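In what follows, a single structure is set out as structure tokens and then discussed.
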Amino acid sequence: MNSGAGKYLAAVISMMVGGTLVFGLVILMNRLAPQVEKPPTPEARNLAVVKQPKPKPKKEIKRQKPKPKPRRVTPPAPLAGLDSALSGIDLGLPGLATDDLSDLNDQLLGNTQVGVMTEDSVDVPPRPLSRGSFKYPRNAKKRGITGYVVLSLLIDEDGEVVQVKVLEASPSGIFDASAVTGIKQWQFEPAKYQGKKVKTWAKQKIKFDLG
């Protein structure tokens, strides 16, 4: 019995010693083995994402087409000398003579008053109230020249002579200026048409005589 117990005890001790040696060897091997370093874990970086604004669409600039310029219509030029050619010609129309063409424009522009008339067309023709004197030209008087001048007078509503035209002169160019200057000093009773005073063209013959 003592010998069997001794064997059992020896076996237990040998197992404990062997396990201890094995455990120690394992630990020793683990320490001697090169430690594998783990690669560093990359740090997560927060990248701020910047959103770029979308480019605004360019507005199309509409070019305005230039408006066509209106064409200027040039009125035809008046015939040269037409007015002077018609002056002094009696067309035979009652109440109208071509001498008063300049006054016809007033009627066409809406003048409500009675237009310029002739002494043949009015109810009461003009008549002289006061007569001025006529200066006899010195050269004509010295040479004993006599003659006459026929004038066309425009007499206004106040009886004043506002325009004078020489229609006929004999001899020509001698008594014209004296006749025109003298007749402008005359005062007339204005002509009347339908009870109203009107402008009138009238003829007046001035004689130059030394007697």
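With a point put 7 Å past each Cα toward its Cβ, work out how far A11 is from V124 in nm, to one decimal.
Reported label-point gap for A11 and V124 is 18.4 nm.
Count neighbours as other Cβ atoms within 10 Å of each site's Cβ, and list the GluC sites (Glu not before Pro) in region 136-202 that are DSSP loop with at most 15 such neighbours.
Values: sites: E157, E160, E168; in loops: E157.
Answer in residue order: E157.
Set the Förster distance to 35 Å, then compute FRET efficiency between Y136 and K196 from the Cβ-Cβ distance, nearest 0.05.
Working: r = 39 Å, r/R0 = 1.11.
For Y136 and K196, the calculated efficiency is 0.35.
Taking region 117-208, how many lysine pairs are there with alpha carbons less than 13 Å apart, if each pair must be eight or more places apart or span two chains? All intermediate terms of the calculation are to be shown ahead of the outcome.
Working: K135/K184; K135/K207; K165/K184; K165/K203; K165/K205.
So the count works out to 5.
We did not get these values from a lab; they are worked out from the coordinates using the rules stated. All of these numbers come straight from a predicted model, not from anything done at the bench. No Cβ is skipped: glycine too gets one built from the backbone with ideal geometry, and neighbour counts run over all protein chains shown.
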